[in-house]
Amino acid sequence: MTQETLALQAIRKKLIGKRLNYDEIFAVMDAISHEKLSPILTTYFAASGYSKGFTNEEVYYLTKAMIETGDKLHFKGIVADKHSIGGVPGTRTTLLVIPIVASAGFLIPKSSSRAITTPGGTGDDMEVLAPVTFTKEQIYKIVEKTNACIVWGGSVDIAPADDDLIKVEEPLMFESFDKILVSIMAKKIAFGSNHIVIDLPYGNHVKVPKKADGEVLKKKFEYLAKKFNVQLQVYLHNTNQPAGRGVGPLLETKEAMKVLEQLPDRPLDLEEKGLILAGMLLDLCLKDSPKKLQEQVKKEFGNGTKWAKYILSSGHALKKMREIIKVQGGNPAIISDDLKPGKYSYDVVAEGSGTVKEIDCKNVSVIAKILGAPAQKKSGIYLYKKAGEKVEKGDVTMTFFSESARNLEEAKDSVRNFPILSYE
């Protein structure tokens, strides 16, 4: 039986809910990565996983096969990484965590995705500051010079089957929990990471709706970490809104730069979340670090979060980010004020008074995409009001930005069908 025939047989089995063995899963991943399956058959496989789910053993097989059918990067020693499962627009903590951890002296080569369900992935956002498409050899050189990189994973042959699966999922704005798990872990391990923090938000309007679902996903991450012998910690937390106020590649990047620059009007919620994640990752790395460093950090700072706070407030993180931008071919002198959103704008005005109860992250993503994000990097939404804040009739609650007058008009017409703020 050929690999293509075995792959077709495996898809048929999964569509009716049967378990797959490693050879069958490898055949599917191999066929997808070498473009031997049509987009329709790839969609069938993605849909079968969404509707039927996978056992833990199948999830391990999927991750292993996705790694084995692509290229791999190898780094020495502790290799850190942080990844969010996504689904919460306006929360670009990666642009904070990477320079903080790299400034602490740890390697943190970041392979980032482009947008799947939100109006901007880390790859889309970093591209506002510098190129993100590099060869494997170029990535090694960037990391050698800076301890870090923030690159698009699709530019190298890392877990190539995942990129094809993303293409069929993106138009429908869905990912199964198992697919999220496999996609993240395959790319982390293929990229050489061995100390990983996973940001796993749950809430009414994000990818994972309930805490119980988050607990299941958390256990699956921990299961895979043991199978691949990597250190991993999951930050499971409830969220009802973006951590920042800007949504869309440029606006999210602008806010991350404001935090790195420590400006008075920086988004403090975004800063706080970035410090929590950076602190968790530093603590995880410290456990396998020389005792001398452990004792030094404990004496000077107490824990990873306080160490991260010092690195950020002292300007070391900003300096490191400028190094990364420069080596990746961007302008290291760029500041947040240089980042201007699209020239077409519209202020959304409150029709009544009240207190914001929550922000519908899914609807934020829908409207931001209508505005043109992520393809139009300057398009997006700026939120003036967030959960818990009072609104008076006539207040501007948010501003839409677009690079296209047509996109702006469509967003204005659509927002009534996709309300972003709810009040109490």
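The values are calculated or read from the model by the stated rules, or taken from the named source; none is laboratory data. Quick caveat, the model's predicted, so the values are computed rather than measured. Please note: Cβ atoms are built from the backbone with ideal geometry, for glycine as well, and neighbour counts cover all protein chains shown. Areas reflect the complete protein model, heavy atoms only, side chains present, ligands, DNA and RNA absent. Shrake-Rupley method; radii C 1.70, N 1.55, O 1.52, S 1.80 Å.
For region 1-54, list the helices (runs of 4 or more DSSP H) that sit wholly inside it and hold at least 3 residues that are hydroxyl-bearing (Ser, Thr, Tyr); which are they?
39-52
Go through 55, 69, 133, 42 for me and flag whichever is in contact (Cβ under 8 Å) with a residue 12 or more places away in the chain and closer than 30 Å to residue 335 by Cβ.
133
Taking the conditions exactly as written (in contact with a helix residue (DSSP H, G or I) (Cβ under 6 Å, 6 or more places away or on another chain) and of a type in the set (S, T, N, Q)), does residue 314 satisfy them or not?
For residue 314, the condition - in contact with a helix residue (DSSP H, G or I) (Cβ under 6 Å, 6 or more places away or on another chain) and of a type in the set (S, T, N, Q) - is not met.
Can you tell me which residues in region 373-419 are under 23 Å from the mean Cα position of the chain (by Cα), open to solvent by 10 Å² or more (accessible area, probe 1.4 Å) and not hydrophobic (A, V, I, L, M, F, W, C)?
Of everything in region 373-419, those that are under 23 Å from the mean Cα position of the chain (by Cα), open to solvent by 10 Å² or more (accessible area, probe 1.4 Å) and not hydrophobic (A, V, I, L, M, F, W, C) turn out to be 374, 376, 377, 378, 382.
Which of the residues spanning region 132-167 are assigned to a loop (DSSP other than H, G, I, E, B) and open to solvent by 10 Å² or more (accessible area, probe 1.4 Å)?
133, 134, 135, 147, 156, 157
Any residue at all in region 154-173 that's under 19 Å from the mean Cα position of the chain (by Cα) and either within 24 Å of residue 105 (Cα to Cα) or modelled with pLDDT of 95 or more (or both)?
So far as region 154-173 goes, no, none of its residues is under 19 Å from the mean Cα position of the chain (by Cα) and either within 24 Å of residue 105 (Cα to Cα) or modelled with pLDDT of 95 or more (or both).
Regarding region 390-412, can at least one residue be identified that is over 27 Å from residue 148 (Cα atoms), part of a helix (DSSP H, G or I) and among the acidic types (Asp, Glu)?
Among the residues of region 390-412, at least one is over 27 Å from residue 148 (Cα atoms), part of a helix (DSSP H, G or I) and among the acidic types (Asp, Glu), which makes the answer yes.
How many residues are charged (D, E, K, R) and surrounded by 15 or more Cβ atoms within 10 Å (Cβ to Cβ) if we restrict to region 5-35?
Of the residues in that region, 4 qualify.
Only residues that are in contact with a strand residue (DSSP E or B) (Cβ under 6 Å, 6 or more places away or on another chain) and either closer than 21 Å to residue 201 by Cβ or acidic (Asp, Glu) (or both): list them for region 365-381, please.
Passing the criteria: 368, 373, 380, 381.
In region 98-131, how many are outside any loop (DSSP other than H, G, I, E, B), at pLDDT 95 or above and among the β-branched types (Val, Ile, Thr)?
Number satisfying all stated conditions: 4.
Quick one: which residue in 277, 224, 217 is outside any loop (DSSP other than H, G, I, E, B) and either open to solvent by 70 Å² or more (accessible area, probe 1.4 Å) or touching an Asp or Glu at 6+ places or on another chain (Cβ under 8 Å) (or both)?
Within the list 277, 224, 217, the selection yields 277.
Go through the residues of region 262-278 one by one and say whether even a single one is farther than 25 Å from residue 90 by Cβ, out of contact with any strand residue (DSSP E or B) (no Cβ under 9 Å at 6 or more places or on another chain) and touching a residue at least 60 places away in the same chain (Cβ under 8 Å).
Scanning region 262-278, I find no residue that is farther than 25 Å from residue 90 by Cβ, out of contact with any strand residue (DSSP E or B) (no Cβ under 9 Å at 6 or more places or on another chain) and touching a residue at least 60 places away in the same chain (Cβ under 8 Å), so the answer is no.
Might you check whether a residue that is touching a residue at least 12 places away in the same chain (Cβ under 8 Å), farther than 14 Å from residue 87 by Cβ and touching an Asp or Glu at 6+ places or on another chain (Cβ under 7 Å) occurs anywhere in region 196-210?
Within region 196-210 (the criterion being touching a residue at least 12 places away in the same chain (Cβ under 8 Å), farther than 14 Å from residue 87 by Cβ and touching an Asp or Glu at 6+ places or on another chain (Cβ under 7 Å)), the answer is yes, since at least one residue qualifies.
Quick grid of which residues meet (1) closer than 13 Å to residue 257 by Cα; (2) open to solvent by 70 Å² or more (accessible area, probe 1.4 Å); (3) without any contact (Cβ under 8 Å) to a residue 12 or more places away in the chain; (4) in contact with a helix residue (DSSP H, G or I) (Cβ under 9 Å, 6 or more places away or on another chain):
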site	(1), (2), (3), (4)
305	no, no, no, yes
310	no, yes, yes, yes
320	yes, no, no, yes
330	no, no, no, yes
342	no, no, no, yes
353	no, yes, no, no
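For region 5-33, enumerate the residues that are under 17 Å from residue 159 (Cα atoms) and without any contact (Cβ under 8 Å) to a residue 12 or more places away in the chain.
Residues satisfying the conditions do not exist here.
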